[in-house]
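First the structure, in the form of structure tokens, and then the observations on it.
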Amino acid sequence: MHPLALTDFHRSKFIVFSRLLQEPKHVFLLLAAIAALFYTMGGICMKFSVGFSQPLPTAMAYLLFAVGVSLQIYLMNNTHMGSTYVLVLGLEAACAVMASLLLFKETYPPLTMAGIFLIAVGAALLRLEV
């Protein structure tokens, strides 16, 4: 068997995933999550840029934010601006908190974590109404 050949198990998973992507709602949510990840990676680069003093992380932050904005512009093309914006923002907030916990060992009090969770849930609920 060729090393890059798909086994039946992997082929079935690929088929399920490709069928999911044929649903416009699933593609929308996937692109929103990807946009949020680009914004989060841009935020990480902002932290590493040390106030614009490090050229590479600063340039990477601009580039990553530009990709996130481009995805968000595409998402807003045929849908409500407010709910789309809040969905991406909520996903970004959740990703940013996870990154700050894992990469920078930052801590948050329980009430702050509850607030962040409510923002993410609220963003998801807004999208269900569109």
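Each reported figure results from applying straightforward, stated rules to the coordinates on display, with no laboratory input. All values derive from a computational prediction rather than experimental measurement. Quick reminder, even Gly has a Cβ in these numbers, built from the backbone with ideal geometry, and neighbours come from all protein chains shown.
Rank-order 104-114, 27-37, 85-95, 47-57 by packing density, defined as the average count of other C-beta atoms within 10 Å over each peptide's residues, highest first.
Ranked by mean Cβ neighbours within 10 Å, highest first: 85-95, 27-37, 47-57, 104-114.
Provide the per-residue ³J(HN,Hα) series for region 104-111, in order, calculated from phi with Karplus coefficients 6.51, -1.76, 1.60 and θ = phi - 60°, each as a whole number of Hz, with x at glycine and proline positions.
So the Karplus estimates, Gly and Pro as x, are 10, 6, 6, 10, 9, x, x, 5 Hz.
Please find the FRET efficiency linking H26 to K105, where r is the Cβ-Cβ separation and R0 is fixed at 30 Å, and quote it to the nearest 0.05.
0.30
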